[in-house]
1. Need one number: convex hull volume per residue for the range 29-136, Cα atoms only, in Å³.
2. Which FRET efficiency value, to the nearest 0.05, is calculated for R92 and R117 with the Förster distance at 25 angstrom and r the Cβ-Cβ distance?
3. Calculate, in nm to one decimal, what L30 and K73 gain on full extension: separation in residues at 0.36 nm each, minus their alpha carbon distance.
4. Under unit Cβ charges (Lys, Arg +1; Asp, Glu -1), what dipole magnitude, rounded to 20 debye, does the range 29-136 have relative to its Cα centre?
5. FRET efficiency for T137 and Y85, Cβ-Cβ distance as r, R0 = 35 Å, nearest 0.05?
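Just so it is clear, none of the values below were taken in a lab; they were calculated from the coordinates. Fair warning: this is a prediction, and the values are worked out from it, not measured in the lab. All Cβ positions, even for glycine, are placed from backbone atoms using ideal geometry, and neighbour counts span all protein chains on display.
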Amino acid sequence: MLFGLVPECRGVIFHRMNPNKTTDQPQVWLFDGKPEYVDVKVASAFSTEGGYIIALELADGAIRLAATRYPAKYVTAWRHNVKRYGLPDVLRVLVSRPYIRYEAVKRSLAKLLFEHRDDESDGYRLAVDTLTEKARTMLTDAGI
């Protein structure tokens, strides 16, 4: 009779709530966070997977785009150059999912951002939310 009063578990399904995920809009960024955690979350891409689009939010407010198969190495190299040459440090890193034609995807995104181009820093002057919306629009329109 020891377990006679314990209610029987009928099974409960728990759903993890993801505040970044919406049902009608595809997720643009696989990783969005501090530069020191890129290597923990994002692995290097195999040649059959293509590569990633990276957006670096810099300390001077500019956003720099890159396309690479090795996101952690790219961020580490940038941070090394920050110390060596006095470049603006990276505050935030955004990494896309892998694309087979990742260089072409980056060029298409750069064309969309042309009006925000900053000639002095070789980056773009716009908010990360604006960048995300433009990237989402481009990827949706391209059917990627």
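1. Considering the Cα atoms of the range 29-136, their hull volume per residue is 90 Å³.
2. 0.80
3. 13.8 nm
4. 360 debye
5. Taking R0 as 35 Å, the efficiency between T137 and Y85 is 0.50.
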